[in-house]
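Below is one structure, written out as structure tokens, with a few remarks after it.
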Amino acid sequence: MFDPGWNPLHGAPSYPAERYAALADRIGGVLQSRNDILLVQAEAVVALEAVAASLARPGLSVVNIVTSPYGGWFGQWLRRGGATLHDIIAEPGLPIDIEVIAKALDLAPHIDVLAMVHAESASGILNPLPEILALARGRGIVTIVDAVASIGGHRLEIDSLGIDVAVIGPQKALGGPAGVSALSVSRRAWDLILRKGGPRDSILSLADLKSWVDDRRQGLPGTPAPLEFFALEAALDRIEAERLENVIARHVLAGSATRAGLAALGVATWVPAAKASNLVTAVRVPEELGPAALIATARRLGVELAAGVGAAAHLVRLNHTGPRASFQTVLSNVVAYGAALRQAGHAADIAAASEAIAVAYGR
Ligand SMILES: *Cc1c(COP(=O)(O)O)cnc(C)c1O
């Protein structure tokens with residue numbers, strides 16, 4: 001008889017239908033939200049497209065804040081569904097300015113929805129979320145927040161901030177699988193989503209997922225991928241064991257230690273601390289060196305640095321998200337960046353940088 005040999009991935013059992021509700025409740029705990037939590041059987045970009053597709057109608061008026069390619073795509077999906085878009089585009093690679101949003105909302109005739117990204121992994125910036133939400137709340141605007149990168153890396157209390165829809169993925173700061181995602185939906189957001197004319201019988205239909213919420217939250221539609229849900233459960237186990245506030249504190253420390261290390265190295269970060277995310281730190285690269293050569297030098301040391309994305313493509317990112325929010329990774333990121341500068345003939349004080357990082361972690 002043919003024997004394929006033992007492999008832990010053969011014959012994975014299906015994920016028990018009665019455990020989806022508990023998973024959703026635990027995600028509600030991470031988000032600090034009593035809103036409905038929906039599970040999407042695909043990576044977070046699909047959940048974001050589902051939000052846009054489910055909201056978009058001719059006549060819907062949206063202020064869409066664009067600080068990376070993600071915001072650009074979100075606007076495109078809304079436009080495809082007939083919505084009227086007011087795109088507010090930040091300076092390349094920088095966070096949006098609160099005054100720009102205040103002015104845009106004052107000038108706009110009537111706005112139903114405001115959409116934005118909280119923290120960007122593409123450029124390492126942090127948008128002024130609580131301030132923007134306060135402006136929106138004062139005007140009765142429904143708010144959509146892409147918190148895929150920020151969840152677990154920054155404080156994000158959905159209900160006390162008054163966020164109507166928050167989209168998250170487990171694969172960034174929570175250190176979980178990339179094949180599932182989740183979102184919270186408020187009563188006010190459901191009122192917009194469930195109006196006539198939205199998609200049904202579609203992977204992009206949030207109204208379909210509302211039926212799951214209303215029907216005792218048992219088995220999800222179709223044949224869910226069991227390994228993804230077991231992995232999500234394991235990620236939540238780990239987050240709850242470490243405690244969310246400690247996970248966030250670990251990211252805060254990774255960000256501040258990285259900036260301290262770079263300052264001691266003699267390198268300016270792309271944005272000041274107040275505008276920086278705790279997820280990745282972006283730095284400029286000497287023009288004649290360029291991101292590709294710098295990244296290649298780091299790779300020879302076994303260290304993975306990355307170029308920025310979109311408008312931040314001229315920057316190099318030091319990634320300290322999820323399991324990488326650790327002393328070892330922060331230290332090796334900064335040392336490798338310094339070593340690449342030195343090899344290209346630039347000054348970089350690697351000893352001082354290492355000392356600064358050790359001091360930051362020793363406190
Ligand atoms: C990573 C990320 C996403 C999701 O992208 P994936 O392709 O699912 O990794 C969405 N928005 C933001 C801001 C992100 O950083």
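Using Cα springs under 10 Å in a Gaussian network model of the chain, which residue among 218, 171, 41 shows the largest mean-square fluctuation?
218
Dipole size in debye (nearest 20) for the stretch 131-239 around its Cα centre, Lys and Arg Cβ +1, Asp and Glu Cβ -1?
With Lys and Arg at +1 and Asp and Glu at -1, about 320 debye.
Arrange the following residues from fewest to most other Cβ atoms within 10 Å of their Cβ: 229, 327, 2, 74.
In increasing order of surrounding Cβ atoms, one gets 2, 327, 229, 74.
When the chain is modelled as a GNM with alpha-carbon springs shorter than 10 Å, which of 321, 281, 329 fluctuates the most?
Among 321, 281, 329, the largest mean-square fluctuation in the Gaussian network model of the chain belongs to 329.
Would you mind checking which residues have amide H under 5 Å from residue 307's amide H? H placed 1.01 Å from N; only 5 or more apart, or other chain.
317
With +1 on each Lys and Arg Cβ and -1 on each Asp and Glu Cβ, and nothing else charged, work out how big the dipole of the stretch 284-363 is about its Cα centre, in Debye to the nearest 20.
200 debye
Pull up the cross-link candidates among the lysines for residue 196, meaning alpha carbon to alpha carbon under 28 Å and not fewer than 8 places away within one chain.
Excluding near neighbours in sequence, the set is 210.
Angle, helix 290-300 long axis vs. longest principal axis of the chain, Cα atoms, 0 to 90°, nearest 10?
Helix 290-300 sits roughly 80 degrees off the main axis of the chain.
How big is the dipole moment of the chain about its Cα centre under a simple scheme where the beta carbon of each Lys and Arg is +1, that of each Asp and Glu is -1, and everything else is neutral? Debye, nearest 20, please.
The calculated dipole for the chain is roughly 180 debye.
Could you identify which residue out of 91, 99, 228 has the top mean-square fluctuation in a GNM of the chain using Cα springs shorter than 10 Å?
In the Gaussian network model the winner is 99.
Return the long-range amide H neighbours of residue 166 (sequence gap of 5 or more, or a different chain), with a cut-off of under 5 Å between placed amide H atoms.
Hits under the 5 Å cutoff: 145, 184.
What percent do you get for the relative contact order of the stretch 13-242 when only Cα pairs under 8 Å and 6+ apart count?
28 percent
Every read-out reported here was derived from the displayed coordinates using simple, explicitly stated rules and does not represent laboratory data. Being a predicted model, the structure only gives us computed values, none of them experimental. Positions of Cβ are generated from backbone atoms using ideal geometry, with glycine treated the same way; all protein chains shown enter the neighbour counts.
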